[in-house]
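For reference, the structure discussed in these notes is given below.
The values are calculated or read from the model by the stated rules, or taken from the named source; none is laboratory data. This structure is a prediction, so every number in the text was calculated from the model and none was measured. No Cβ is skipped: glycine too gets one built from the backbone with ideal geometry, and neighbour counts run over all protein chains shown. Ligands, DNA and RNA are excluded from the accessible area calculation, which covers all protein heavy atoms including side chains. Shrake-Rupley method; radii C 1.70, N 1.55, O 1.52, S 1.80 Å.
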Amino acid sequence: MTVRIRLIAAAILLSILAWADAPDPAYPALVKAYEALKARGYDQAVASFEQAIALSPNRASIRKDLAYTLLKIGENEAARDQFAAAMRLEPGDLHVAMEYAFLCYETKQQAIARRTFDRIRKTGDATAEQAFQNIDRPLAEGIARWKDALVMSPANFSAHQELASLAEQRDELELAAEHYEQAFRLKPGERELLLAIGRVDKALGRDAESFAALLAASRGAQPRVGEQARELLPARYPYVYEFEAALKLDPKNVELERELAYLHLQMDRKDEAEKHFRQILTVQPDDLWSSAQVGFIMLNRKDLAGAQPLLDRVLHGEDEELADRVRVALKMPQTLKRRGETPRNRVSIEAKLLAEKSLKAGYMKDALKYLRIAHESDPLDFWVMLKLGWANNILHQDAEAMQWFKLARKSSDGEIAGEATQAYNSLRPGQSRFRTTAWAFPFFSSRWRDGFGYAQVKTEFKLGNLPFRPYVSMRLIGDVKQTTGSTLGTGAPQYLSETSVIFGLGVSTRPWNGATGWFEAGEAVKYLLDRKDVGAMVPDFRGGISYSKGFGHLLNGGKGWFAESNDDGVFVSRFQRDFLAYTQNRTGYTLAPGESFGGFQSQFYWNYNATVDSNRQYWANFVETGPGMRFKLQALPKSMLFSVNFLRGAYLLNKDNPRRPNYFDLRAGFWYAFVH
């Protein structure tokens, strides 16, 4: 079922519920969401869908519609998570499962994608079968390759790590566990391997081994690794035997050893605690806290001679608070103490109040200062993150503002998350430092009995807040038959058969209401060495204005009527410094995927095209009209679009025209583009 059909069904259902006076807490939010979708206000639609989910969390249909909306704004990971939730609510919906599997693959979760495709292919789905094989075959080949490498070099850390990773992705968990452990023995400093060991052991049902690995990873590792490990651990505090198992796996983990030592102290098992503190001192002889604890334990058993060297080390150290504790134990005078710090929660509250007053008064720099203090005191306050985003945005520090809005989107408060999401999506397009776009448009023309190809790769550079972006570009313009003037006559349309690769440097403006200005200078290099009518390298200067606008139900916008216009004004130095104006217009009807033959989505429309130029050359002055069709295949990339057009054309100027004034042309081709 397509997005559009689901939206209509949802709207009908909501109307029935309203008419029947049936209480639906999500109804107002869903009405706002579908109205926003109709107006292409995707950010507002996302916020309203999230509000509806909070009110009615067990409705799979809402999560599906939210997922498709997130895909429209490029939030693939968030869409994946919503499809996952919908799949848990409706396990039998194979269409949702396929969407989820493809998104898992696109977002680098190959193991989950493979597992999901494997489940679906068992129902006889050919697409799932092919997708499964595309993932599984390279994994199997990689596993075999790394096994061979380990036969030649058993102590190769990279081979163990890569083999374990591929085996985990292919659900060969015993093999993965074996080689993750061998990799960790070779390089104990690679703390992320503990996470992998814990993850695989948990999947194998080895709960004790998994707990030990995750406990070791949660202590003494990099903050990111530690946080991920704590998320996988149970909420309870570990037992002594679990600490000991973790230390057996990771014997040089000082933080783990220290925590176990303090646990023994709390249990009044001083001998065990001393053993662990002494073990820490063998690894870190300058650890003042361990020295102090061993000294205190020895004092407690009246061994002053043994304790004194350890406690003297603390007294001469830089930790004044710890040194004062030693002075109390030794009954020595204490040093003067500094005033205690303000509690962190009070700091946060006071800073937020001052920040709010500064925001209302318009003192943005002061607000930013207080908000940062509040964030340091309470790093999980999403209100503070949101306000940090707005303060930076007002101060024209949009790159930093985006980072705060991105964090605030994770808030459990729907209002904060919705506002942050809308702000983040508004800022994102203009903040990328480098953006590469590539497109290709090959097509066949019956009029010329030839295939033509147009393509471009362009990398833009963002320079601060300037209203334009410089770029480097490479264009390809050519044809299959490689026809020249000698085969077509003196009136051959050069612009369709330049047979050149054009390298250029240019600058383009930011889009404004669908319009973009651009200019570039470059060099056209012919790729046909036997072509004599142009030089091998020709200077090429071109520029102009492009405008595009669509109305109604476009190809990704569901079922219904639509209209499109694509207009260009282009100056090209190679065509006798000519200025050409193009307009290509279509009006027609978009069918839903289920209504098109073969399940693909299609459009049927009528073309209205015109081209004129300033030099009044016959080949650049004509009009065309006729029917056309465009369609997309579900199995291919979403940006790949096929088209077939049957056109009747007429030249507006016929002086020096060696051909008939009117013509028919059947054009078939496809468009593919991507942005990185």
Report summary line: Here the residues within segment 100-115 that are free of Cβ contacts under 8 Å to residues at least 24 places away in the same chain, over 30 Å from Gly189 (Cα atoms) and open to solvent by 20 Å² or more (accessible area, probe 1.4 Å) are Tyr100
Query raised in the report: Would you say Arg191 is open to solvent by 60 Å² or more (accessible area, probe 1.4 Å) and either of a type outside the set (S, T, N, Q) or closer than 29 Å to Ala217 by Cα (or both)?
Result: no
Report summary line: Going through segment 94-129 in order, the residues found to be within 20 Å of the chain's Cα centre (by Cα) and not in a helix (DSSP H, G or I) are Thr107, Lys108, Gln109
Query raised in the report: Among (1) surrounded by fewer than 23 Cβ atoms within 10 Å (Cβ to Cβ); (2) among the hydrophobic types (A, V, I, L, M, F, W, C); (3) under 13 Å from the mean Cα position of the chain (by Cα), which single condition is Ala85 missing?
Result: (3)
**Report entry** Test: residue in segment 427-450 that is part of a strand (DSSP E or B), modelled with pLDDT under 80, over 30 Å from Leu647 (Cβ atoms) and open to solvent by 30 Å² or more (accessible area, probe 1.4 Å)
**Finding:** yes
Report summary line: A careful count of residues in segment 654-668 that are charged (D, E, K, R), open to solvent by 100 Å² or more (accessible area, probe 1.4 Å) and not in a loop (DSSP other than H, G, I, E, B) gives 0
Report summary line: Restricted to segment 49-69 and to residues being in contact with a Lys or Arg (Cβ under 9 Å, 6 or more places away or on another chain) and in contact (Cβ under 8 Å) with a residue 40 or more places away in the chain, the residue surrounded by the most Cβ atoms within 10 Å (Cβ to Cβ) is Lys64
Requested in this report: Give segment 246-279 a look and list any residue that's assigned to a helix (DSSP H, G or I) and touching a Gly at 6+ places or on another chain (Cβ under 8 Å), or say none.
Outcome: Val254, Glu255, Leu256
Query raised in the report: Would it be correct to say that Gln161 is touching a helix residue (DSSP H, G or I) at 6+ places or on another chain (Cβ under 9 Å) and buried (at least 21 other Cβ atoms within 10 Å of the Cβ)?
Result: yes
Query raised in the report: Gly557: crowded, with 16+ Cβ neighbours inside 10 Å and at pLDDT 85 or above, yes or no?
Result: no
Query raised in the report: How about segment 213-225: which of its residues are open to solvent by less than 20 Å² (accessible area, probe 1.4 Å) and over 21 Å from Ser165 (Cβ atoms)?
Result: Leu215, Ser218
Query raised in the report: Are any of the residues in segment 345-360 modelled with pLDDT under 65 and loosely packed, with under 13 Cβ neighbours inside 10 Å?
Result: yes
Query raised in the report: Ala673: in contact (Cβ under 8 Å) with a residue 60 or more places away in the chain and either surrounded by 13 or more Cβ atoms within 10 Å (Cβ to Cβ) or part of a loop (DSSP other than H, G, I, E, B) (or both), yes or no?
Result: yes
Query raised in the report: Among the residues of segment 598-621, is any among the hydrophobic types (A, V, I, L, M, F, W, C), open to solvent by less than 60 Å² (accessible area, probe 1.4 Å) and in a helix (DSSP H, G or I)?
Result: yes
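For (1) of a type in the set (A, V, I, L, M, F, W, C); (2) part of a helix (DSSP H, G or I); (3) surrounded by 20 or more Cβ atoms within 10 Å (Cβ to Cβ), each residue gets a yes or a no:
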{"position": "His375", "(1), (2), (3)": "no, yes, yes"}
{"position": "Trp383", "(1), (2), (3)": "yes, yes, no"}
{"position": "Ala391", "(1), (2), (3)": "yes, yes, yes"}
{"position": "Ala399", "(1), (2), (3)": "yes, yes, no"}
{"position": "Gln403", "(1), (2), (3)": "no, yes, no"}
{"position": "Lys406", "(1), (2), (3)": "no, yes, no"}
{"position": "Ser412", "(1), (2), (3)": "no, no, no"}
{"position": "Glu415", "(1), (2), (3)": "no, yes, no"}
Requested in this report: Could you list, in sequence order, all residues of segment 240-295 that are of a type in the set (Phe, Trp, Tyr) and more than 22 Å from Arg191 (Cα to Cα)?
Outcome: Tyr262, Phe277, Trp289
Query raised in the report: Which residues, counting only those in segment 547-585, are touching a residue at least 40 places away in the same chain (Cβ under 8 Å), within 30 Å of Asp65 (Cβ to Cβ) and not in a strand (DSSP E or B)?
Result: His553, Leu555, Asn556, Gly557, Gly558, Lys559
Query raised in the report: Among the residues of segment 229-238, is any surrounded by fewer than 14 Cβ atoms within 10 Å (Cβ to Cβ) and closer than 23 Å to Phe184 by Cα?
Result: yes
Report task. From Asp118, Asp207, Asp201, Asp125, grab the single residue that is of a type in the set (D, E, K, R) and open to solvent by less than 20 Å² (accessible area, probe 1.4 Å). Result -> Asp201
